[in-house]
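Comments concern the structure below.
The values are calculated or read from the model by the stated rules, or taken from the named source; none is laboratory data. Because the structure is predicted, anything quoted here is derived from the model rather than measured. Here Cβ is always computed from backbone atoms with ideal geometry, including for glycine, and neighbour counts include all displayed protein chains. Areas reflect the complete protein model, heavy atoms only, side chains present, ligands, DNA and RNA absent. Shrake-Rupley method; radii C 1.70, N 1.55, O 1.52, S 1.80 Å.
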Amino acid sequence: MSIHPERPLIIQSDRSMFVEVQNPMYDQVREKITLFAELVKSPEYIHTYRMTPLSLWNAAASGITAEQILESLHQYSKFQVPSHIETEIREYISRFGLLSFEKINGRLVCKTKDPEILKEIMAYRSLKNYFLEEIDHFTVVIDESARGVLKQELIKLGYPVQDLAGYQQGEHLPIALLPQTLSGRPFQLREYQKQAIDSFYASGSIYGGSGVLVLPCGSGKTIIGIGIMAEIKSETLILTTNTTSVRQWIREILDKTSLTEEQVGEYSGNLKEVKPVTVATYQILTHRSSGQSEFTHMGLFQQRNWGLIIYDEVHLLPAPVFRFTANIQAKRRVGLTATLVREDQKEEEVFSLIGPKKYDVPWLQMENEGWIAEALCTEIRLPLSKEWKEEYLIAPKRQRYRIASTNPLKIEGLKKILNKHQGDSILIIGQYLDQLENIARELQVPFITGKVKQDEREVIYQRFKNGEIKILVVSKVANFAIDLPDAKVAIQVSGTFGSRQEEAQRLGRILRPKQEGNQAYFYTLVSDQTIDQEYAMKRQLFLIEQGYQYKIEEHDLL
């Protein structure tokens with residue numbers, strides 16, 4: 001067996017992989033394996049990745065073959081790739097497309113390349129009622145209304161369906177992109193935005209029409225959604241995270257397309273407009289008067305003949321919306337996100353009901369090309385005082401995290417960072433309202449929480465963009481879909497346990513290109529040798545996977 005000690009990769013028999021961070025080939029191997037594996041752990045010197053069925057199916061859906069994966073493994077592995085790993089990779093990759101949904105003579109059918117597989121799934125008692133008529137050993141007619149449910153069930157059995165059954169056109173709506181914005185600035189799609197749109201639309205063929213596009217915050221995912229609307233030219237329902245984001249979508253649509261105010265509506269807690277293009281919040285869709293009652297506004301899915309549904313920040317899609325999405329598989333659907341990671345582990349639901357990953361561009365590639373700001377990530381470790389440490393040690397585990405997160409010494413570290421960045425636009429973001437309130441009071445700066453009224457928020461955001469306000473303290477409302485293009489520094493004083501998606505979103509607040517220099521700074525204040533430090537390592541996983549390195553500094557070195 002040949003051994004290559006100079007290579008950075010060790011492949012384990014459970015499909016996990018160890019990568020040496022300080023190896024000269026680290027960047028090359030990371031870029032290759034993130035296409036088909038997920039980062040699991042990222043201590044300082046050795047990062048652990050794992051190939052999962054879903055990561056391999058997403059790779060297959062984006063056109064990556066088993067041979068390309070094996071070529072990468074052979075190229076960078078210190079030791080011979082275990083033969084059973086090669087077999088498993090080929091097996092999992094081949095399973096995508098082994099079952100497909102298609103239309104034959106107007107009927108929805110399930111086709112297979114292996115009749116034994118079809119026989120196996122038809123034997124499941126829970127699935128029998130969905131299969132209506134066997135045409136031959138390779139084809140069976142299925143219940144049209146079960147298109148989504150069957151995809152959910154089959155992926156659980158290890159058979160991801162390639163859905164080639166096509167889509168309803170929806171009500172026609174002429175939409176054109178403008179050559180210049182309303183303010184007179186030239187406007188055109190960037191090259192990677194065109195590629196993302198093309199990968200989803202696939203020239204209008206059955207191979208396009210559903211899927212997820214993964215791009216960094218600040219890369220213009222809203223513009224990509226609008227570009228898809230201009231390709232499909234039909235009435236569109238857009239679902240997003242909050243009212244701020246709803247209005248941001250509406251502003252962009254009116255600024256960059258031929259649509260008018262009469263054609264674009266807001267459907268939120270404040271307004272209930274249903275127009276040819278309607279932008280709604282997830283919150284309003286999942287509203288109900290009690291835990292046992294019907295969802296008041298889910299009928300929005302059926303109120304017009306939508307030809308396209310856009311799921312913004314699809315990694316936050318609430319579970320009840322999945323159930324309704326299962327019933328509208330004949331609609332074109334696109335998910336937009338900076339990360340496929342879901343804290344509820346429902347990535348398979350996204351794959352089945354929204355579609356597989358169709359486009360993914362590495363964050364550092366975008367940074368190198370100047371489309372997003374260059375980000376310097378720094379973790380500042382601070383001690384606990386003697387009194388605080390004593391309280392921490394006797395507290396229950398969940399309470400320990402709050403104690404470590406709200407460490408009073410973080411304010412001292414915060415002030416040193418602020419002194420270093422005087423004159424820059426700075427966001428201070430955290431989890432605990434009392435901690436943030438104390439910071440805002442001490443610094444005498446505005447503080448935005450979910451309780452601040454929408455109109456008041458937008459005034460403060462505008463003043464921040466204009467440079468009238470230089471420091472802004474924000475709660476979790478700043479995690480998602482807030483347009484703060486001039487923020488140069490983000491300081492995270494506390495977070496939601498080990499949320500990787502939150503880390504990505506918070507960094508995303510500062511990634512839009514800067515007018516003077518293209519440098520952004522992301523700081524995380526962490527209580528040293530506590531559970532706060534453990535959770536910080538988990539949150540950093542996604543960004544390390546993208547190629548970012550966290551510099552670690554002790555408090556007294558600031």
Quiz item: For region 251-276, which residues satisfy the criterion of being surrounded by 20 or more Cβ atoms within 10 Å (Cβ to Cβ), hydrophobic (A, V, I, L, M, F, W, C) and not in a loop (DSSP other than H, G, I, E, B)?
Solution: I253, V264
Quiz item: With S245, S293 as the choices, which residue is in a loop (DSSP other than H, G, I, E, B) and either crowded, with 21+ Cβ neighbours inside 10 Å or not hydrophobic (A, V, I, L, M, F, W, C) (or both)?
Solution: S293
Quiz item: Scanning region 73-115 for residues that are of a type in the set (D, E, K, R) and touching a strand residue (DSSP E or B) at 6+ places or on another chain (Cβ under 8 Å), which turns out farthest from A37 (Cα to Cα)?
Solution: R107
Quiz item: Is there a residue in region 507-520 that is more than 14 Å from I429 (Cα to Cα), modelled with pLDDT of 80 or more and in a loop (DSSP other than H, G, I, E, B)?
Solution: no
Practice problem: Check every one of the strands (runs of 3 or more DSSP E) wholly within region 351-467 and list those with 3 or more residues that are at pLDDT 85 or above and more than 30 Å from E153 (Cβ to Cβ). | Solution: 374-382, 426-429
Quiz prompt | All positions within region 336-358 that are within 12 Å of the chain's Cα centre (by Cα) and open to solvent by 20 Å² or more (accessible area, probe 1.4 Å) | solution = L340, V341, E343, E347, K357
Quiz prompt | Test result for V321, assigned to a helix (DSSP H, G or I) and under 23 Å from V214 (Cα atoms) | solution = yes
Quiz item: Can you tell me how many residues in region 222-231 are open to solvent by 20 Å² or more (accessible area, probe 1.4 Å) and under 27 Å from G299 (Cβ atoms)?
Solution: 1
Exercise. Tell me, yes or no, whether region 16-32 has at least one residue that is assigned to a loop (DSSP other than H, G, I, E, B), open to solvent by 30 Å² or more (accessible area, probe 1.4 Å) and either touching a Lys or Arg at 6+ places or on another chain (Cβ under 6 Å) or among the hydrophobic types (A, V, I, L, M, F, W, C) (or both).
Key: yes
Quiz item: Could you list, in sequence order, the residues of region 126-155 that are closer than 24 Å to T325 by Cα and open to solvent by 70 Å² or more (accessible area, probe 1.4 Å)?
Solution: S126, K128, N129, L132, E144, S145
Practice problem: Could you tell me which of the residues V279, V212 is within 26 Å of S62 (Cβ to Cβ), hydrophobic (A, V, I, L, M, F, W, C) and in a strand (DSSP E or B)? | Solution: V212
Practice problem: Please work out which one of (1) at pLDDT below 95; (2) in contact with a strand residue (DSSP E or B) (Cβ under 6 Å, 6 or more places away or on another chain) is the condition G225 fails and give its number. | Solution: (1)
Exercise. Check E88, E6 and return the single one that is more than 30 Å from V140 (Cβ to Cβ) and either surrounded by 14 or more Cβ atoms within 10 Å (Cβ to Cβ) or modelled with pLDDT under 95 (or both).
Key: E6
Quiz item: Of the residues that make up region 163-171, is at least one farther than 19 Å from G307 by Cβ, touching a Ser or Thr at 6+ places or on another chain (Cβ under 7 Å), of a type outside the set (S, T, N, Q) and in a strand (DSSP E or B)?
Solution: no
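Would you confirm whether any residue within region 79-93 is in a strand (DSSP E or B) and touching a residue at least 24 places away in the same chain (Cβ under 8 Å)? Steps first, answer last, please.
If we filter region 79-93 for residues that are in a strand (DSSP E or B), which is where we start, we get none.
There is no residue in region 79-93 that is in a strand (DSSP E or B) and touching a residue at least 24 places away in the same chain (Cβ under 8 Å).
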